[in-house]
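K.L.:
Have a look at this one.
The values are calculated or read from the model by the stated rules, or taken from the named source; none is laboratory data. The structure displayed is predicted, hence computed values, not measured ones. Don't worry about glycine lacking a Cβ; one is built from the backbone with ideal geometry, like all the others, and counts go over all protein chains shown. For accessibility, only protein heavy atoms count, side chains too; no ligands or nucleic acids. Shrake-Rupley method; radii C 1.70, N 1.55, O 1.52, S 1.80 Å.
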Amino acid sequence: MTIQLALFAHLSGYHPDGQGGRSARPIDVADGATVGDLIAGLGLPDGPRVVLVNGRRADDQQVLCDGDRLAIFPPIAGG
């Protein structure tokens, strides 16, 4: 199945197409793959992150569906 993957800030360098940047791009994943499966497969560093699937918070156990948009952000702080 195919999902749209957007990685932000320093995580963008982990996009499998090697192009970096924060725009969502298609990626093929196995049927039944979870957010955690994808994070592990990408080799993202351990640590806190904000994960959204179709604009809603998601945890590592969420199963992805064809056409989903997965966005992953590192922790964000500011003032």
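Residue by residue, here is whether (1) of a type in the set (G, A, S); (2) under 15 Å from A9 (Cα atoms); (3) touching a residue at least 60 places away in the same chain (Cβ under 8 Å); (4) open to solvent by 90 Å² or more (accessible area, probe 1.4 Å) holds:
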| position | (1), (2), (3), (4) |
| --- | --- |
| G43 | yes, no, no, no |
| P48 | no, yes, no, yes |
| V51 | no, yes, no, no |
| L64 | no, no, yes, no |
| G67 | yes, no, yes, no |
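K.L.:
Could you check how many residues of the stretch 6-41 are of a type in the set (A, V, I, L, M), closer than 16 Å to R69 by Cα and out of contact with any Pro (no Cβ under 7 Å at 6 or more places or on another chain)?
P.N.:
Residues flagged as of a type in the set (A, V, I, L, M), closer than 16 Å to R69 by Cα and out of contact with any Pro (no Cβ under 7 Å at 6 or more places or on another chain) within the stretch 6-41 amount to 9.
K.L.:
Residue under question is G32, and the condition is that it be within 21 Å of I76 (Cβ to Cβ), open to solvent by less than 70 Å² (accessible area, probe 1.4 Å) and either in a loop (DSSP other than H, G, I, E, B) or of a type in the set (D, E) (or both); does it hold?
P.N.:
Here the answer is no, as G32 does not meet what is asked.
K.L.:
State all residues of the stretch 13-29 that are part of a helix (DSSP H, G or I) and open to solvent by less than 70 Å² (accessible area, probe 1.4 Å); if no residue qualifies, say none.
P.N.:
Answer for the stretch 13-29, where residues must be part of a helix (DSSP H, G or I) and open to solvent by less than 70 Å² (accessible area, probe 1.4 Å): just G13.
K.L.:
Could you tell me whether H10 is open to solvent by less than 30 Å² (accessible area, probe 1.4 Å) and modelled with pLDDT under 95? If you could, list the steps in order and put the result at the bottom.
P.N.:
Numbers: open to solvent by less than 30 Å² (accessible area, probe 1.4 Å): no; modelled with pLDDT under 95: yes.
Taking the combined requirement at face value, the residue does not satisfy it.
K.L.:
Follow-up question, since we're still on this one. Consider L38 against the criteria (1) outside any loop (DSSP other than H, G, I, E, B); (2) surrounded by fewer than 16 Cβ atoms within 10 Å (Cβ to Cβ): it satisfies all of them except one. Which criterion is unmet?
P.N.:
(2)
K.L.:
A further question follows. Kindly list the number of the only condition in (1) on the phi > 0 side of the Ramachandran plot; (2) at pLDDT 90 or above that fails for D68.
P.N.:
Among (1) on the phi > 0 side of the Ramachandran plot; (2) at pLDDT 90 or above, the lone unmet condition for D68 is (1).
K.L.:
For the stretch 1-14, how many residues meet the condition of being without any contact (Cβ under 8 Å) to a residue 24 or more places away in the chain and not polar (S, T, N, Q)?
P.N.:
1
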